[in-house]
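Engineer: The structure follows.
Throughout, read-outs are computed from the coordinates displayed, never taken from laboratory work. In this text the structure is predicted, and so the values were computed from the model without any measurement. Glycine gets a Cβ as well: all are built from the backbone with ideal geometry, and neighbour counts include every protein chain shown.
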Amino acid sequence: MEARGLKKTFGSHQAVKNVSFSIMHGEAFGLLGPNGAGKSTTIRMLAGLMAPDAGEVLLEGEPAWKHPEKWKRQLGLAPQQLALYPELSAIENIRFFGGLYGLKGAALSQRTDELLELVGLEDAAHRIAANYSGGMQRRLNLAITLVHKPRLVILDEPTVGVDPQSRAHLLESVRQLARDGTSIIYVSHYMEEVEALCRRVAIIDHGVVLECGVLDQLLGSVPTQLVLHVRPANSVDPVRTGHDPSSSFSARLQHIARRVDPEATGVKVSVGENAESLPTVLIETSFTEWPDRLHQLSQAFHADSILIDRVESRQQNLERLFLQLTGRALRA
Ligand SMILES: Nc1ncnc2c1ncn2[C@@H]1O[C@H](COP(=O)(O)OP(=O)(O)OP(=O)(O)O)[C@@H](O)[C@H]1O
């Protein structure tokens, strides 16, 4: 499936300005962005629930609107708002929605059993959904989405507000789907879920795709960060005795940092960062450069009687990629 140049405006608000990406057969694709980025609007257009103002959705290279039956059969959307009947049990819900897709008899019974097992609701199968926890309702929502065995499943924030047990169940169900060859678009603002499930991602903000590609490659463009926790080697530590304000130690560090990195491109001194309120030194470089930088700094510190207590490596993750792309935290 491909989204090509999708646009959507509500009144004067351009919710989706220009969104393009494609999902390949059998892949788990993450659509990531903060609240209000335009994710739900995009997937509504992908699922044919909303017409774009411009652009189009392609299914196997053909405009999807030309084949509405195929579009409906091949796609399953689990929306953020639950789409189930609370007064029916899990079995009744699955059977009802299965019936809408023409399933009946032994095939419907078998599919119902498979789905109850996939989402782990066998024990609660006969209880009415209104009495389920929020997480169990989300799991039933997923089962209903899958009833017609769609080849592509779109999951819109499937774990928002669910308990840890249901979250684990949902994530395992998604992994199982992926193992079985179902294509998945996983929409979320939980970076760790997208990192755990998806091979490729698109990062969307203010209605545009900021980055799209293989997750590992995108993360490779995030600079390596090492935080050096340092202290003066002298036992009569001026910082601790109060004779010397920590700013003077900080000034020593600044001086060394500028000697090692005159352009101030990758070595920063931050004041009062660690538990002892001592300054820390941040090295930010490409993956290949950090060993040289660390070596230069440790030699300079040694010459100036400064000890490195600890070196902490910060993870290259989606949170930092988003920060690099937008200058903002993803959760903001
Ligand atoms: N039917 C609508 N009418 C008016 N504005 C809308 C409508 N649907 C969405 N919007 C607005 O469009 C923008 C994008 O909304 P959308 O729901 O697509 O974002 P999102 O990335 O899915 O965020 P969230 O995770 O909060 O749902 C938001 O500013 C939202 O308020």
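Engineer: With θ taken as phi - 60° and the coefficients 6.51, -1.76 and 1.60, list the Karplus ³J(HN,Hα) couplings across the range 249-254 in order, rounded to whole Hz; mark glycine and proline as x.
Structural biologist: Along the range 249-254, the couplings run 5, 4, 5, 4, 5, 4 Hz.
Engineer: Among DSSP beta bridges whose residues both lie in the chain, state the antiparallel percentage, nearest 5. List each step's numbers first, then the result.
Structural biologist: On the way: 37 of 56 bridges.
Expressed as a percentage, antiparallel bridges in the chain total about 65.
Engineer: Could you grab the relative contact order for the range 107-190? Cα pairs under 8 Å, six or more apart, rounded to a whole percent. Please list the in-between numbers first.
Structural biologist: Working: 76 pairs, mean separation 27.7, N = 84.
So the answer I get is 33 percent.
Engineer: Follow-up question, since we're still on this one. Multiply the residue separation of Ser12 and Glu122 by 0.36 nm, subtract the distance between their alpha-carbon atoms, and state the gained length in nm to one decimal.
Structural biologist: Answer, rounded to one decimal: 34.8 nm.
Engineer: Would you please give the residues with an amide H less than 5 Å from that of Gly76, counting only those at least 5 places away or on a separate chain, with H modeled from the backbone geometry?
Structural biologist: Leu152, Val153, Ile154
Engineer: Step through the table entries Lys70/Lys149; Lys66/Lys104; Lys104/Lys149; Lys66/Lys149; Lys8/Lys149, compare each Cα-Cα distance with 18 Å, and write down the pairs that go over it.
Structural biologist: Listed pairs above 18 Å: Lys66/Lys104; Lys66/Lys149; Lys8/Lys149.
Engineer: Ok, one more. Taking Cα pairs under 8 Å and at least six residues apart, what relative contact order does the chain come out at, in percent?
Structural biologist: Relative contact order, the chain: 19 percent.
Engineer: At 0.36 nm per residue, minus the direct Cα-Cα distance, what do Leu323 and Ser109 gain on full extension? Give it in nm, one decimal, please.
Structural biologist: Details: separation 214, 0.36 × 214 = 77.04 nm, distance 4.82 nm.
Difference between extended and current length: 72.2 nm.
Engineer: Here's something else I'd like to know. State to the nearest 20 debye the size of the charge dipole of the chain about its Cα centre, where the only charges are +1 on K and R beta carbons and -1 on D and E beta carbons.
Structural biologist: 780
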